[in-house]
Amino acid sequence: MSARPPAPAAAADPRARLAELLARLAAADAAYHRDDAPIMDDAAYDALRREAESLRARHPELAATLDQVGAAPAGAFGKLRHRLPMLSLDNVFEPADFAEFCASIRRFLGLGAAPLAFVAEPKIDGLSISLTYENRRFARGATRGDGAEGEDVTENLRTLRELPATLPEDAPDFIEIRGEVYMTKADFVALNQGQSRQFANPRNAAAGSLRQLDPAITAARRLSLFAYARGAASAAVGETHWDYLATLRRWGFPVNPLAERVSEAGAEAFQRAVAERRAGLDYDIDGVVYKIDDLALQERLGFAGRAPRWAVAWKFPAERALTTLRAIDIQVGRTGALTPRARLDPVNVGGVLVSHATLHNEDEIARKDVRIGDTVELQRAGDVIPQILRALPERRPADSAPFVFPDHCPACGALAIRPAGEVVRRCTGGLSCPAQVVERLIHFCARAAFDIEGMGERTVEQFHALGWLLSPADIFTLRDREAAIAALEGWGEVSARKLVAAIEARRRVPLARFIFALGIRRIGEQNAKLLARHYSSYATWRQQMEQAGVIGSDARLELGSISGIGPSIAEELAGFFAEPHNRDLLDRLVPMLTIEDEVAAEGGAFAGKTIVFTGTLETLTRPEAKARAEALGAKVTESVSKKTDFVVVGAEAGSKAAKAASLGVTILSEAEFRDLAGL
Ligand code: IVH
């Protein structure tokens, strides 16, 4: 239990890091569930999981990799091609839509007014799988994947108690049987109990459990199965879908007991009857699937796009309810995002007690004019977070007022800004905001920042919890706690000494790394380097950033003129320095460090040269021209002397141009300057 997981590698390759995290989480899951011998405690497990989630937050393109926390990363399983594609279903919601679906079938088949006969089955909320039997033995099984090709989860499927290992004599030599793997509500609750990992719903739990690299883990999670559809087969099985289901049942497959033959006219009543039983079922369903019973008609109808013409999913409507909005809580995420959350009088929405709902963002609240005290209409669809659809102004209390979104962070009191064009307002408190501090400290110590060996997520969290690490400056006082660190479980003298040595080795830090480490939004490694090159020293940077808080100031113009630094980045920087907490933090931290100046860029016509600008430039402001020259390694001065290398002459230049001419200094027009500066 006390073994420390190795410090997280800097996420140079976030995909690889995420895969590593998921593998470690899976190992922890295996140890916990299969061996009943945990290899890490909940805090460590949560830390890994949080890192994985924050990676996902920063890299939305990796989202799918983490969809099922605790499951294997994408690509971990072999691929299996389905003989026949696995399709999806078109949805209908209203009787009229269903009637239109039936009419289109009749038109397609040229059936006139003949009524259609269906088999209706609950639509199970799990994950679809294809089971292949060869010579009446279960040979392999795959997830749906992209419909053409899925993941080979054969060994995991073998652990399902309900999956027949063999089929009787009358089964064809080759057959693909499709169905749904799901987790019962009871098994879901049992699985979620007593562990720090919480699956959001039975479907995620089923998917996460099936996609385990170790089949023993799948076996330990109780997964269930319903068989309901045909894939490829070497011989036909029955003439109707109803026969087919009966055969599956006889072969030993679980077939949903609520399945019934229904006429077109009976569908609506069946829909209602299943909806009434829904809450009492031990598995989640989200509608009813209606399938043309006659398999010959199914063949004729075939497919349109990715869905069959012979089946449709009639979904249940999203559940709605009215309740009172008691408060709008503003939550601060680890990246400083302020998100509004509605606190409600608890209300039952389709069998689930709801006391919170999402309000998305500031604009959404304003657009819907949702006010505290309002009666609001809620909607809960499937497993998504309940949403507030609208407020009922007719029931509004007389004294109600529009909601004012805070412009200060509720966690730390710092200014919360919303850059132009964005929907999210963010706290500028950064490292001094308790809601963000752990994440920020981890970033501060990470490889691309201060690169402190041994100060990984786990350690930062542990020290933070002990109250030793509340701000970056505290890192550099940890040497006073060496003995206390050594005494912690899992540490010892050697590790403590190593950590302190690693910290001490980083008191000297290049300016670019220092800037990056502060975790200012939009200041990644690249922008930190641009800033460091431009301002050269910490003192200059700091002074300029504080002045850049005034829009229109020379410092602000200069900042904006650095190629690569746009207005929104400038605003983030100005915001950071406008916040007194951040300035205090720097005042405490910087004296503990030696911040190395960034040496000016080499090469180019202006490197190491002295330039004077005179007269009015037409295409550039003075600060912009100055910034550009400096970025190229030049020194910009005010007066012309023998040491001056270039004088850039604008309109109505006066004595400086004359002096340059008399001293033989090279004179450049604005256009020549632009050329040489690569503008
Ligand atoms: S029949 C050719 N029957 O719904 C279509 N699908 O939205 C074969 N599903 O991917 C599907 N319960 O995972 C069918 N009784 C049922 C179902 C069902 C759930 C799922 C299935 C499919 C999805 C389509």
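Of the residues in region 237-263, how many are closer than 16 Å to Leu295 by Cα and part of a loop (DSSP other than H, G, I, E, B)?
Adding up the residues that qualify gives 3.
When region 281-304 is examined, which residues are found to be among the β-branched types (Val, Ile, Thr) and modelled with pLDDT under 95?
Ile285, the sole residue that qualifies.
Could you check, for region 490-504, whether at least one of its residues is of a type in the set (Ser, Thr, Tyr), open to solvent by less than 40 Å² (accessible area, probe 1.4 Å), closer than 28 Å to Met545 by Cβ and in contact with a helix residue (DSSP H, G or I) (Cβ under 8 Å, 6 or more places away or on another chain)?
In the first step, residues of region 490-504 are kept if they are of a type in the set (Ser, Thr, Tyr); the result is 495.
So of that shortlist, the ones also open to solvent by less than 40 Å² (accessible area, probe 1.4 Å) come out as 495.
So of that shortlist, the ones also closer than 28 Å to Met545 by Cβ come out as none.
No, there is no match, as no residue in region 490-504 is of a type in the set (Ser, Thr, Tyr), open to solvent by less than 40 Å² (accessible area, probe 1.4 Å), closer than 28 Å to Met545 by Cβ and in contact with a helix residue (DSSP H, G or I) (Cβ under 8 Å, 6 or more places away or on another chain).
Quick check on region 305-333: of everything there that is under 26 Å from Leu415 (Cα atoms) and assigned to a strand (DSSP E or B), which residue is nearest to the ligand (Cβ to nearest atom)?
Only one residue tops the list, namely Gln331.
Pull up region 210-234, narrow it to residues that are in a helix (DSSP H, G or I) and surrounded by 18 or more Cβ atoms within 10 Å (Cβ to Cβ), then point me to the one that is nearest to the ligand (Cβ to nearest atom).
Restricting to residues being in a helix (DSSP H, G or I) and surrounded by 18 or more Cβ atoms within 10 Å (Cβ to Cβ), the top hit is Leu210.
Give just the number: which of (1) touching a Phe, Trp or Tyr at 6+ places or on another chain (Cβ under 9 Å); (2) within 30 Å of Asn348 (Cβ to Cβ); (3) small (Gly, Ala, Ser) does Ser263 not satisfy?
It fails just one condition, (2).
Restricted to region 275-304, and to residues that are more than 10 Å from the ligand (Cβ to nearest atom) and in a strand (DSSP E or B), which residue is farthest from Arg230 (Cα to Cα)?
Ala304
Tally the residues that are β-branched (Val, Ile, Thr), touching a helix residue (DSSP H, G or I) at 6+ places or on another chain (Cβ under 7 Å) and modelled with pLDDT under 95, restricting the search to region 566-607.
Number satisfying all stated conditions: 1.
Checking the structure you have, find out if any residue of region 500-523 is β-branched (Val, Ile, Thr), in a helix (DSSP H, G or I), within 23 Å of Arg447 (Cα to Cα) and under 33 Å from the mean Cα position of the chain (by Cα).
Initially, region 500-523 is screened for residues β-branched (Val, Ile, Thr), giving 500, 503, 509, 515, 520, 523.
Narrowing the set further to residues that are in a helix (DSSP H, G or I) leaves 500, 503, 515.
After this cut, where a residue has to be within 23 Å of Arg447 (Cα to Cα) as well, the list is 500, 503, 515.
So of that shortlist, the ones also under 33 Å from the mean Cα position of the chain (by Cα) come out as 503, 515.
Yes, region 500-523 contains at least one residue that is β-branched (Val, Ile, Thr), in a helix (DSSP H, G or I), within 23 Å of Arg447 (Cα to Cα) and under 33 Å from the mean Cα position of the chain (by Cα).
Checking Leu470 against (1) over 30 Å from Arg533 (Cβ atoms); (2) in contact (Cβ under 8 Å) with a residue 40 or more places away in the chain; (3) not in a helix (DSSP H, G or I), only one condition comes out false. Which one?
With respect to (1) over 30 Å from Arg533 (Cβ atoms); (2) in contact (Cβ under 8 Å) with a residue 40 or more places away in the chain; (3) not in a helix (DSSP H, G or I), Leu470 is out only on (2).
Here is a yes/no grid of residues against (1) at pLDDT 90 or above; (2) over 24 Å from the mean Cα position of the chain (by Cα); (3) loosely packed, with under 14 Cβ neighbours inside 10 Å:
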position	(1), (2), (3)
Gly350	no, yes, no
Leu353	no, yes, yes
Asn361	no, no, no
Lys368	yes, yes, no
Thr375	yes, yes, no
Asp383	no, no, no
Arg396	yes, yes, no
Ala401	yes, yes, yes
Glu422	no, no, yes
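Considering each residue of region 552-564, count those that are without any contact (Cβ under 8 Å) to a residue 40 or more places away in the chain and out of contact with any helix residue (DSSP H, G or I) (no Cβ under 6 Å at 6 or more places or on another chain), and give that number.
Total satisfying the criteria: 2.
Can Phe577 be described as outside any loop (DSSP other than H, G, I, E, B) and closer than 23 Å to Arg58 by Cβ? Let's see the steps before the verdict.
Values: outside any loop (DSSP other than H, G, I, E, B): yes; closer than 23 Å to Arg58 by Cβ: no.
Here the answer is no, as Phe577 does not meet what is asked.
Filter region 238-274 down to the residues that are closer than 18 Å to Ala227 by Cβ, open to solvent by less than 20 Å² (accessible area, probe 1.4 Å), within 16 Å of the ligand (Cβ to nearest atom) and touching a Pro at 6+ places or on another chain (Cβ under 9 Å) and list them by number.
Within region 238-274, Leu248, Phe253, Asn256, Ala259 meet the criteria.
Pick out, from region 92-195, the strands (runs of 3 or more DSSP E) lying fully within it that include 1 or more residues that are within 16 Å of the ligand (Cβ to nearest atom) and surrounded by fewer than 18 Cβ atoms within 10 Å (Cβ to Cβ). Can you show your working first?
Numbers: elements: 117-124, 127-134, 137-143, 149-151, 174-182.
Those strands (runs of 3 or more DSSP E) span 149-151.
Give the residue that is most open to solvent (accessible area, probe 1.4 Å), with candidates limited to residues of region 81-91 that are within 16 Å of the ligand (Cβ to nearest atom) and either among the charged types (D, E, K, R) or at pLDDT 95 or above (or both). Can you show your working first?
Filtering region 81-91 down to residues within 16 Å of the ligand (Cβ to nearest atom) leaves 82-91.
Next, from what is left, pick out any that are either among the charged types (D, E, K, R) or at pLDDT 95 or above (or both): 83, 90.
Working: Arg83: 149, Asp90: 88 Å².
Looking at the filtered set, the residue picked out is Arg83.
The values are calculated or read from the model by the stated rules, or taken from the named source; none is laboratory data. Not measured: the values here are computed from a predicted model. With ideal geometry, Cβ positions are generated from the backbone for all residues, glycine too; neighbour counts draw on all protein chains shown. Quick note on the areas: whole protein, heavy atoms, side chains included, nothing else; ligands and nucleic acids left out. Shrake-Rupley method; radii C 1.70, N 1.55, O 1.52, S 1.80 Å.
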